[in-house]
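The values are calculated or read from the model by the stated rules, or taken from the named source; none is laboratory data. All values reported here derive from a predicted model rather than from experimental measurement. Backbone-built Cβ (ideal geometry, glycine too); neighbour counts: all protein chains shown. In case anyone asks, the SASA skips ligands and DNA or RNA and just uses the protein heavy atoms, side chains included. Shrake-Rupley method; radii C 1.70, N 1.55, O 1.52, S 1.80 Å.
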Amino acid sequence: MTGRARRDYRRGVVDIEQINPRNEAALKAWWDVGHAATADRPGKPWPLWEQSRVALTAPNPERDVALFGAIEGRRMVGAGMVLLPTRDNAHLAGAEVYVDPDRRREGIGSALLAEAEVLALGHGRTTLTGEAYVPPGGTAAAEPFALGRGFAVATRESIKELTTSDYVERRDALAAGLAGAGQGYSLVTFDTVCPDEYVESFGRLLGMLVSEIPLGDLDLEASEWSVERVRAAEQRQVATGRHVHTALAIAPDGTVAGVSDVRVDDTDHTHALVGITIVDPAHRGHRLGLALKVATHDLVLATYPDLRTVETSNAEVNTWMNAVNEALGYRTTETLLELQKRL
Ligand SMILES: CC(C)(COP(=O)(O)OP(=O)(O)OC[C@H]1O[C@@H](n2cnc3c(N)ncnc32)[C@H](O)[C@@H]1OP(=O)(O)O)[C@@H](O)C(=O)NCCC(=O)NCCS
């Protein structure tokens, strides 16, 4: 670790230090702070140590990561991270800051955020994004903290959770309701690696995500997904033990009309996460969204007998996706405020 800043806070001397993710002891201390700082949230708000240890050290040409900690004497009391996209959206940096629950309101979070801004500016970034999770209809420290530090809410998302028993209760009625829908379309499912015949068309659909998903005021640019880029992303998932259970809807002309996925990590078969869902606007109105979701949820239930919960998030204004998720049995657990600040 190398000292970067030294300031006197109310209790003692707190240094903001860079963390080398390959120093496992330092990474574990950093992870412990994030774990403690998120322990009051519902669901699984913080990755398992085994997941973070692998994900934060795995090479990824799509983004750089800078980690830093707030250190007082021999103790880490705050943790920060800046994510720097490298392939596109090079004007953006994503910041996360976490403070030990016993050490709040001492200025440590502000010091970590100031460090994140210095790092982002140093990499030529002009927009800093962040996330604040609050109870539905309520608030949490992160909201006044971020608004007071120059962030604005760019969009609001609902975080939703499905218990497998709720899904099982609804599943057959949903499948019956799909009878006769999607005439001429077929479904193809796979674990992480897309069949060769669909990969190019799948990449084209991925390129539509930014323009088709409601993003509010978020300052995001569209991405191009070449076959090479899709294949490299798949291999990173394979290398970190992540299974992306994917369903594709194939149109009568053989092109990919829609996609949805559910991700399960090898370190935890009790919990799954919905990744992306999109139906090409040219193919909407055939109930493909619901059909894709039923296919992926059936697949993970059949694969992981210990599965208990599936998590998803979607924009509050996305009425179509909200209706599909409600039909599946998802319930809102938290609200996510997507924050943004122009530097
Ligand atoms: C949000 C968080 C990082 C703030 O850390 P912190 O060290 O307590 O923040 P600071 O002491 O620098 O607070 C600076 C100002 O933010 C505001 N603020 C912080 N927490 C607040 C709270 N619970 N209620 C109201 N205002 C709050 C205040 O204006 C505060 O100044 P003040 O103490 O002089 O009144 C911390 O609560 C945390 O770790 N939360 C969980 C993780 C998280 O949500 N991180 C994402 C943040 S974008």
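Over segment 44-191, average the accessible area per residue using a 1.4 Å probe and give it in Å², no decimals.
Here the residues of segment 44-191 average 46 Å² of exposed surface.
Heavy atoms only, probe 1.4 angstrom, no DNA, RNA or ligands counted: give me TRP320, TRP31 ranked by accessible area, highest first.
Result of the area sort, largest leading: TRP320, TRP31.
Give me the percent of accessible area attributable to carbon and sulfur for segment 160-337, probe 1.4 angstrom.
Accessible surface attributable to carbon and sulfur in segment 160-337 totals 52 percent.
Under a 1.4 angstrom probe, counting protein chains only, how are ILE108, ILE276 ranked by accessible area, largest first?
Numbers: ILE108 5, ILE276 35 Å².
Reading off the accessible areas and sorting them downward yields ILE276, ILE108.
Rounded to the nearest 0.05, what FRET efficiency is calculated for VAL210 and VAL153 with R0 set to 25 Å and r the Cβ-Cβ distance?
That gives a FRET efficiency of 0.85.
As a test question: what accessible area, to the nearest 10 Å², does LEU215 have when a 1.4 Å probe is rolled over all protein chains in place?
Approximately 40 Å² for this residue.
To the nearest 10 Å², what's THR332's accessible area with a 1.4 Å probe?
Its accessible surface works out to 70 Å², give or take rounding.
Using a 1.4 Å probe on the protein chains only, how many percent of the accessible area of segment 3-125 belongs to carbon and sulfur?
In segment 3-125, the share of accessible area belonging to carbon and sulfur is 49 percent.
Of GLU72, GLU212, which has the most accessible area and how do the rest follow, probe 1.4 Å?
These residues rank, largest area first, as GLU212, GLU72.
Given an 8 Å cut-off on Cα distances and at least 6 residues of separation, report the relative contact order of segment 193-343 as a percent.
Numbers: 186 pairs, mean separation 29.1, N = 151.
Once normalised by length, the contact order is 19 percent.
In whole angstrom, note down how far apart the Cα centers of segment 285-343 and segment 123-139 are.
What the calculation gives is 21 Å, centre to centre.
Can you find, among LEU205, ALA181, VAL324, the residue sitting farthest towards the positive end of the charge dipole of segment 160-337, where Lys and Arg contribute +1 and Asp and Glu -1 at Cβ?
The one lying farthest along the dipole's positive direction is ALA181.
Go ahead and run the numbers for FRET between THR189 and ARG342, Cβ-Cβ distance against an R0 of 41 Å, rounding to 0.05.
0.45
Please compute the length gained on full extension between ARG74 and ASP219, using 0.36 nm multiplied by the number of residues separating them and subtracting their Cα-Cα distance.
My answer for the length gained is 48.3 nm.
Assuming 0.36 nm per residue, please report the length gained on full extension of the stretch ARG22 to ALA327 beyond their Cα-Cα distance.
105.4 nm is the gain from fully extending ARG22 to ALA327.
Assuming R0 = 30 Å, can you tell me the calculated FRET efficiency for the pair ARG104 and VAL13, based on Cβ-Cβ distance, to the nearest 0.05?
Details: r = 18 Å, r/R0 = 0.60.
Computed FRET efficiency for ARG104 and VAL13 comes out at 0.95.
Determine the dipole magnitude for the chain: charges of +1 sit on the beta-carbon of Lys and Arg, -1 on that of Asp and Glu, nothing else is charged, the reference point is the Cα centre, and the result goes in debye to the nearest 20.
920 debye
Can you spot the lysines whose alpha carbon is less than 17 Å from LYS44's alpha carbon? Ignore those fewer than 8 places along the same chain.
LYS160
Hey, what did the chain get for relative contact order, percent, Cα under 8 Å, at least 6 apart?
Values: 642 pairs, mean separation 70.1, N = 343.
Worked out over the chain, it gives 20 percent.
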